[in-house]
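**Q** This is the structure I want to talk about, given as structure tokens.
Where a number appears in this text, it was derived from the coordinates with a stated rule and is not lab data. For clarity, every value in this text was computed on a predicted model and none was experimentally measured. Every residue, glycine as well, gets a Cβ built from its backbone with ideal geometry; the counts of neighbours run over all protein chains shown.
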Amino acid sequence: MFQNFMHAPHRATVIAVIIALGACARPTSVSSTWQEIRQSPAHPYDKILVVGISDDSNQRRRFENLMLGRLQKPGTTVWASHQSMQPDRDLNRATVTALVKQTGATAVIVTRLADQKISTEEVDARTGHKTRRKGENPVNFFRYDYDEYEEPAYLVVKNTVSLITDLYETKEGRLLYSIETTTHDKESGMEIIDEATSAIVARLRRDGLIP
């Protein structure tokens, strides 16, 4: 019954749009480097302090909270720096060292902005249609009128953002591993954070640094 509810030409148009959107989406680029011996630690780090470096405190909280959620697994303890320190304290080497002592973290994951490119794209004006049902009579339930409307042209701002993530082991304070992630042509900070954190955690797990 419902197979024929959407007319075939309309159905084909929707499918074409979905395919076009999927083809335009560029996946997040990921590269990683071992700073010393290229091998996984004997045991994954399961006590992790997450530090996001940003002048925007809201962005820092969003990033750290999402990283925390993606890193947490049974047997793993994760701290976000903004939750573990006083709000009036500056984020620097001394305060991070104090957090390591306070939490007992065995690894610190620090992420900072490496590069950002901003571009704009003009979306042309277009004409659309809104449906309006003809009355409430059951006979007319599936009958519609179509009102035409116009959407003016507008600009879309897109961001391509590269982040550097470093993993330090805390016993000797050594930098062990670095990841560079680049998210392409995103319209919102949340899109960037969502894709970047997913890529970072996936790469850390792949190389045996976290459970």
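**Q** Restricting attention to region 38-76, and to residues there that are of a type in the set (S, T, N, Q) and part of a helix (DSSP H, G or I), which single residue is surrounded by the fewest Cβ atoms within 10 Å (Cβ to Cβ)?
**A** N58
**Q** Report, by residue number, each residue of region 87-96 that is closer than 17 Å to G52 by Cβ and assigned to a helix (DSSP H, G or I).
**A** Those that are closer than 17 Å to G52 by Cβ and assigned to a helix (DSSP H, G or I): R93, T95, V96.
**Q** When you scan region 160-176, how many residues do you find that are farther than 17 Å from G52 by Cβ and either surrounded by 15 or more Cβ atoms within 10 Å (Cβ to Cβ) or within 11 Å of the chain's Cα centre (by Cα) (or both)?
**A** Number satisfying all stated conditions: 4.
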